[in-house]
Amino acid sequence: MQLTEQQVRSLFDQDVQDQSGAKIGSVGQVWATAGQPAWVSVHTGGGQEPMAPLGNAQMQDGRLKIAYDKATVQSAPSVPRGTSTPLNAEQTAQLYAYYRMQERQTPQNREELIRFEERLRVGTESQPAGKAVLRKNVVTEDVHTTVPVEHDEVYVEREPITAADAGNVRGEMGAAEQEMQLRAERPVVAKERVPVERAHLAKNEVVENQPIDEQVRHEEIEANIPEPSRRRR
């Protein structure tokens, strides 16, 4: 099975199933041969993790399906849990012999240990952040104003009668009265309802930087090489 780098990254901690779909355990570590992922260790809960080949395995729904039964995988040659030591030639030969596979020949028969690290992918998602409500209420307030009103005022005009005009005046002596209709205005209050304003809810999208603190893991590979065998640079 040819796996992309992304698929290899996704293998870690994924469920491992046998050829019938029964769960064996989860992926512990991945080893490569000639630059290609070739073996996985299967964590089954113990201190040792049996090895399984990737050559004819399949990825189904995020699970790694091995082309062998559960008992075969559980009895396969194993490595200590959490080891980061590359497989040596003897271990590789044992695995090929156990699974009756033809060993892949390379110029140096090189086994590789793939190192991985976690990288933080930061994105955004939309979620409810509350509800805005626009509401109107009736408020009563006192209004003080004035309005001009008119009314009639009565006064008596007196005009002396001269001797020259006395002959033209007619009248009898005795009680008499005169009436005049008076008019007065009073304030009249009426109310009318008039529209004065339109209001509606609107929103703007505001972008702001929000700090994120997270931890990512990475693997480190250490080589323990005897001094006489170390390459001189």
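So, Glu90, is that one assigned to a helix (DSSP H, G or I), among the charged types (D, E, K, R) and without any contact (Cβ under 8 Å) to a residue 60 or more places away in the chain or not? Here the answer is yes, as Glu90 does meet what is asked.
Quick check: anything in region 134-152 surrounded by 10 or more Cβ atoms within 10 Å (Cβ to Cβ) and not in a loop (DSSP other than H, G, I, E, B)? Scanning region 134-152 turns up no residue that is surrounded by 10 or more Cβ atoms within 10 Å (Cβ to Cβ) and not in a loop (DSSP other than H, G, I, E, B). When Asp165 is tested against the conditions (1) surrounded by 10 or more Cβ atoms within 10 Å (Cβ to Cβ); (2) in contact (Cβ under 8 Å) with a residue 12 or more places away in the chain, the lone failure is (2).
Considering region 1-69, the qualifying strands (runs of 3 or more DSSP E), each wholly inside and each with 2 or more residues that are surrounded by 14 or more Cβ atoms within 10 Å (Cβ to Cβ) and of a type in the set (A, V, I, L, M), run over 23-33, 36-43, 48-53. Looking only at residues in region 93-116 that are at pLDDT 85 or above and either under 40 Å from the mean Cα position of the chain (by Cα) or assigned to a helix (DSSP H, G or I) (or both), the one that is surrounded by the fewest Cβ atoms within 10 Å (Cβ to Cβ) is Ala97. Whenever a residue of region 44-71 is farther than 15 Å from Ser20 by Cα, its partners that are small (Gly, Ala, Ser) and open to solvent by 50 Å² or more (accessible area, probe 1.4 Å), lying with C-beta atoms within less than 6 angstrom and at least six residues away or across chains, give the pairs Gln48/Ser78; Glu49/Ser78; Pro50/Ser78. Looking at region 198-221, can you tell me whether even one residue there is free of Cβ contacts under 8 Å to residues at least 40 places away in the same chain, farther than 30 Å from Gly123 by Cα and either in a loop (DSSP other than H, G, I, E, B) or among the hydrophobic types (A, V, I, L, M, F, W, C) (or both)? Taking every residue of region 198-221 in turn, at least one turns out to be free of Cβ contacts under 8 Å to residues at least 40 places away in the same chain, farther than 30 Å from Gly123 by Cα and either in a loop (DSSP other than H, G, I, E, B) or among the hydrophobic types (A, V, I, L, M, F, W, C) (or both). Within the bounds of region 188-197, is there any residue that is surrounded by 10 or more Cβ atoms within 10 Å (Cβ to Cβ), assigned to a loop (DSSP other than H, G, I, E, B), of a type outside the set (D, E, K, R) and under 53 Å from the mean Cα position of the chain (by Cα)? No, region 188-197 contains no residue that is surrounded by 10 or more Cβ atoms within 10 Å (Cβ to Cβ), assigned to a loop (DSSP other than H, G, I, E, B), of a type outside the set (D, E, K, R) and under 53 Å from the mean Cα position of the chain (by Cα). Could you say which residue among Thr72, Thr83 is of a type in the set (Ser, Thr, Tyr) and not in a loop (DSSP other than H, G, I, E, B)? Going through Thr72, Thr83 in turn, the sole match is Thr72.
The values are calculated or read from the model by the stated rules, or taken from the named source; none is laboratory data. Everything quoted here is computed from the prediction, not taken from an experiment. Using ideal geometry, Cβ is built from the backbone for each residue, glycine included, and neighbour counts are taken over all protein chains shown. Note: accessible area is taken over every heavy atom of the protein model, side chains too, but ligands, DNA and RNA are not part of it. Shrake-Rupley method; radii C 1.70, N 1.55, O 1.52, S 1.80 Å.
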